[in-house]
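Contents: one structure, followed by commentary.
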Amino acid sequence: MTNNTVPFPRKPQHDTLDDEPTPFPARSGWRRFGAWLAEAAADRLMDVLEAPDDGWRGMATWIKTIVVLAGLAAAGFLVWGLVAAVIVAWTSWEWHSLGTGLIATLHQPVRDFIAAHTTGLPITATTIYGAWQLFGAGSFILSAWARAAGARLTWTAWGAATTAMVWTASPTSGRAVAAALTILAWTAASTIALRGLTLRSTTFVHVYNNVQPTPVSVDAHVHVPEPVVKRVEINGRALQSADD
């Protein structure tokens, strides 16, 4: 009798491609970084392309930030250029060319005082004079528009110092007139710069009510009316209750 039993049977072979997926080799750190960078660049490009259709509210936040920063930088350079141009034009103006000489009476003593007291300083008298005028104009605008306490203090100090410089640098014979004109011009401008400012004291009235609460007692009385008994007769016989 023949024995067909195999001592070590073979296991059935299966196609590894169908049963078990072949694992992909792990990517290196540079490849992962490159893939992330490419994905981030693609997302930013899509944000830029979709920004015109999304409008200001719907566009990406980073685009809004760049636009706002660029606008602020451009506005800052523009304002700085305008301020520098105004200072140069203001300081180079020949005030004595005016017919009345009224403005020259007010500003020339300030310019002479600054020129006489800037010797040895690392800044020129022209720059200080322009900065002085810029402080006056800026505090005047902020006092009239924003009504800020600091701007109004600056405007008050600026006017007092200007009056003192006019008094000091003006000729002795016309010193009083020049100082008086300066005070009049300063107070006239202060009607706009210090508008709404009052010197009236504010009174706060605090009422303290020390009334003790009165206890309330309720004495309830219930009035029950007496029952009305009616006489009932049936066949000439009066009906009465059992209590009777």
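The figures follow:
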read-out: Residue in the stretch 73-80 that is among the aliphatic types (A, V, I, L, M) and at pLDDT below 85 present; value: yes
read-out: Given (1) free of Cβ contacts under 8 Å to residues at least 12 places away in the same chain; (2) exposed (fewer than 13 other Cβ atoms within 10 Å of the Cβ); (3) over 28 Å from residue 194 (Cα atoms), index of the condition residue 118 fails; value: (2)
read-out: Considering residues of the stretch 36-65 that are exposed (fewer than 11 other Cβ atoms within 10 Å of the Cβ) and of a type in the set (Val, Ile, Thr) only, the residue farthest from residue 134 (Cα to Cα); value: 61
read-out: Pair list, Cβ under 7 Å, 6 or more apart: the stretch 154-178 residue more than 12 Å from residue 106 (Cα to Cα), other residue surrounded by 15 or more Cβ atoms within 10 Å (Cβ to Cβ) and not hydrophobic (A, V, I, L, M, F, W, C); value: 154/139; 155/139; 155/143; 158/136; 158/139
read-out: Criterion: outside the structural domain of residue 182 (by TED's automatic domain parsing) and at pLDDT below 80 - qualifying residue of 90, 36; value: 90
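One line per residue, one yes/no per condition, for (1) over 23 Å from the mean Cα position of the chain (by Cα); (2) assigned to a loop (DSSP other than H, G, I, E, B):
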| site | (1), (2) |
| --- | --- |
| 113 | yes, no |
| 118 | yes, yes |
| 121 | yes, yes |
| 127 | yes, no |
| 133 | yes, no |
| 137 | yes, no |
| 152 | no, no |
| 164 | yes, no |
| 167 | yes, no |
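The values are calculated or read from the model by the stated rules, or taken from the named source; none is laboratory data. Worth saying up front: this structure is predicted, and the values here are computed from it rather than measured. Note that we place each Cβ from the backbone using ideal geometry, even for glycine, and neighbour counts take in every protein chain shown.
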